[in-house]
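A.B. asks: The structure's right below; bear with me while I get my questions together.
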Amino acid sequence: MRVLVIGAGPAGARCAVRLAERLPGALVTLAGAEAALPYDRVALSRLLAGAATIEGLITHPLAMLRSLGIRYRPATPIAAIDRAAGEAVTARGERLPYDRLVLASGSTAIRLPLPGADLPGVVLYRDMEDVRLMLRAAQRGGHAVVIGGGLLGLEAAVGLAHRGMTVTIVHAVGWPMERQLDPAAGALLTRRLGMRGIRFAMPASTVAVEGEAAARAVRLSDGALIPAELVVMAVGIRPNVALAREAGLPIGRAVTVDDAMRSADPAIYAIGECAEHGGRCIGLVAPALEQAEVAARAITGEAAAWAPRADAAALKVSGTAVWSAGEIADDGAECITLRDEAEERYRRLLLRDGRLVGAVLYGDTADAGFYLDLITSRRSVAGFRAALAFGPAFVREAA
Ligand SMILES: Cc1cc2nc3c(=O)[nH]c(=O)nc-3n(C[C@H](O)[C@H](O)[C@H](O)COP(=O)(O)OP(=O)(O)OC[C@H]3O[C@@H](n4cnc5c(N)ncnc54)[C@H](O)[C@@H]3O)c2cc1C
């Protein structure tokens, strides 16, 4: 069997490895647009913050791919899929035949359509090349503006501040990481990052990037100008679905797949951020890897099904532990909070119908696994509710 995996990000690389392990006689090709060997995208923030090296990010060295018999084709963007012929066509016009095709093309970072958004010095935050551009800019020092105060924006800001830049985050909402944190946890995080020299303009929106390279600035909607030799846009992602769309596959926000990660064409699978399952797209690496395992099993003829779980995310490199999972908005939910100002510890749990549906942990995230299990299993917490906020040790005592 010839299997072609398009995209050598975490999902594509994992799927290729599992296929090669399960189908020893098969011809598995992994074609990626990036020039690098498959690497840990999540760890780019550690690279930017000086806590990892480029070599340390590589997850699949060439020797490993070769020993599995995987044909790795870096710098090979696929330009089209010819479903009738069962071939993918590279940007250079080479035709790669397949019996099964796995789309693992991930997402692209969104560039805001603002005046000046294409000027040199305005970068996105998605891949190794983006980090190289940021590191080069940081060497020259000066001011950086990060547009977007979500998880990625904060990690970019921390990295650039660590590299000596004066950093301002412009964020449209009144507190950072609003999709993962409630306002109280957001306020603690704002204060903590402020102590590291990171400034915030929020709620605020950017209307333009202006000026010559030496006097570049970001203009906000209230007219304020923030100097910015470097502008990082971290405002969201868009699934890479052009290939699938042009090949006539059904697309929602991403490629529509069933529980086995199969598209409407039984020969074509989609996994990771370019897939849409049950009307939802994922934006985290753990479910992307699970989907890769499921697709590999399905392709090798095993019954396999992917089921979504609660999203959990942790902020890295900020010097403070921040984690959240499940629901964040407290509309109609019961809320238990535990707060220790002096120790900068905060815990907020959301309950519905006697079950934990969301948790935010700030300052101490040691119990994250415990709360994630409760959210995922939908177990009743009625029997130990009074001890719940204090963590598993107290829950065991109360039980
Ligand atoms: C800086 C940063 C920090 C992150 N931190 C976290 C975190 O802490 N926790 C977490 O869960 N997630 C995090 N994420 C998100 C996580 O990286 C993604 O969810 C994960 O990478 C998705 O994997 P994927 O394989 O689906 O897609 P991608 O990683 O986007 O990989 C897709 C690959 O396909 C390639 N490609 C695209 N089109 C083509 C084509 N036509 N031909 C060939 N190749 C193509 C792309 O170049 C890319 O290499 C972070 C992301 C970034 C950028």
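A.B. asks: Which residue fluctuates most in the GNM of the chain (Cα springs below 10 Å): R385, R73, R18?
C.D. replies: So, out of R385, R73, R18, the one fluctuating most is R385.
A.B. asks: Under a 1.4 angstrom probe, counting protein chains only, how are R126, R14, R309 ranked by accessible area, largest first?
C.D. replies: R309, R14, R126
A.B. asks: Working out 0.36 nm times the residue gap between A382 and E334, then minus their Cα-Cα distance, what length gain in nm do you get to one decimal?
C.D. replies: Between A382 and E334, full extension yields 16.0 nm more.
A.B. asks: Any idea how far the Cα center of segment 112-188 sits from the one of segment 59-77, in Å?
C.D. replies: 32
A.B. asks: Could you check the spin-label model distance between E55 and R140? Points 7 Å from the Cα along Cα→Cβ, value in nm.
C.D. replies: Going from the E55 label point to the R140 one covers 3.0 nm.
A.B. asks: Report the accessible area of F200, computed with a 1.4 Å probe over the heavy atoms of all protein chains in place, in Å² rounded to the nearest 10.
C.D. replies: Here the accessible area works out near 50 Å².
A.B. asks: Take the chain, connect every pair of alpha-carbon atoms lying under 10 Å apart with a spring to form a Gaussian network, then pick out the residue of A13, A213, A275 with the largest mean-square fluctuation.
C.D. replies: A213
A.B. asks: Oh, and also: Rounding to the nearest 20 debye, state how big the charge dipole of segment 1-147 is about its Cα centre with +1 on each Lys and Arg Cβ and -1 on each Asp and Glu Cβ.
C.D. replies: The calculation lands at about 180 debye.
A.B. asks: Continuing with the same structure: Obtain the radius of gyration and the Kirkwood radius of the chain from its C-alpha atoms and give Rg over Rh.
C.D. replies: Checking Rg against Rh, the ratio lands at 0.99.
A.B. asks: Taking the Cα centre of the chain as the origin and placing charges on Cβ (Lys, Arg +1; Asp, Glu -1), which of Y72, V170, G50 is farthest toward the positive end of the dipole?
C.D. replies: Y72
A.B. asks: So with the 1.4 Å probe, I'd like the accessible area per residue for the chain, rounded to whole Å².
C.D. replies: That works out to 44 Å² per residue.
A.B. asks: Residues with beta-carbon under 12 Å from that of V235, excluding V235: net charge, scoring Lys, Arg +1 and Asp, Glu -1?
C.D. replies: +3
A.B. asks: Report the one residue of A359, Y346, A386 whose Cα lies farthest in the direction of the positive end of the charge dipole of segment 321-398 (charges on C-beta: Lys and Arg +1, Asp and Glu -1; origin at the Cα centre).
C.D. replies: Positive-most Cα among the choices belongs to A386.
A.B. asks: Still on this structure: Kirkwood hydrodynamic radius for segment 321-398: how many Å is it when counted over pairs of different Cα atoms?
C.D. replies: For segment 321-398, inverting the mean 1/r across all distinct Cα pairs yields 12.4 Å.
A.B. asks: Hey, another quick one. So for segment 122-233: antiparallel DSSP bridges make up what percent, rounded to the nearest 5?
C.D. replies: 30
A.B. asks: Share of segment 312-362's accessible area from carbon and sulfur, percent, 1.4 Å?
C.D. replies: Percent of accessible area from carbon and sulfur atoms in segment 312-362: 42.
A.B. asks: Kindly sort C274, C335, C281 by accessible area of their heavy atoms, largest first, with the probe set to 1.4 Å.
C.D. replies: C335, C281, C274
A.B. asks: So how strong a dipole does the chain carry about its Cα centre when Lys and Arg Cβ are +1 and Asp and Glu Cβ are -1, to the nearest 20 debye?
C.D. replies: 540
A.B. asks: With labels modelled as points extended 7 Å from the Cα through the Cβ direction, what inter-label distance (nm, one decimal) is found for L27 paired with A84?
C.D. replies: 2.3
A.B. asks: Is the shape of segment 161-266 rounded, prolate or oblate, going by the alpha carbon gyration tensor and its root eigenvalues a ≥ b ≥ c, with a/c under 1.5 for rounded and a/b larger than b/c for prolate?
C.D. replies: prolate
A.B. asks: Given springs between every Cα pair under 10 Å in a Gaussian network model of the chain, which of L48, L154, L96 has the largest fluctuation?
C.D. replies: It is L96.
A.B. asks: Restricting to the chain, compute how many DSSP beta bridges are antiparallel as a %, nearest 5.
C.D. replies: Among the beta bridges of the chain, antiparallel pairing accounts for roughly 60 percent.
A.B. asks: What does the net charge come to around T376 if you take all other residues with beta carbon closer than 12 Å to its beta carbon, with K and R at +1 and D and E at -1?
C.D. replies: +2
A.B. asks: Taking 8 Å as the Cα distance limit and 6 or more residues as the minimum spacing, I'd like the relative contact order of segment 321-398 as a percentage.
C.D. replies: 29
A.B. asks: What's the center-to-center distance, using Cα atoms, between segment 252-269 and segment 345-399 in Å?
C.D. replies: The distance from the Cα centre of segment 252-269 to that of segment 345-399 comes to 36 Å.
A.B. asks: Please state the relative contact order of the chain as a whole percent: Cα pairs under 8 Å, 6+ residues apart?
C.D. replies: With pairs under 8 Å counted, the relative contact order is 14 percent.
The values are calculated or read from the model by the stated rules, or taken from the named source; none is laboratory data. Keep in mind that this is a model prediction, so the values were computed, not measured. Using ideal geometry, Cβ is built from the backbone for each residue, glycine included, and neighbour counts are taken over all protein chains shown. Accessible surface areas use protein heavy atoms only, side chains included; no ligands, DNA or RNA. Shrake-Rupley method; radii C 1.70, N 1.55, O 1.52, S 1.80 Å.
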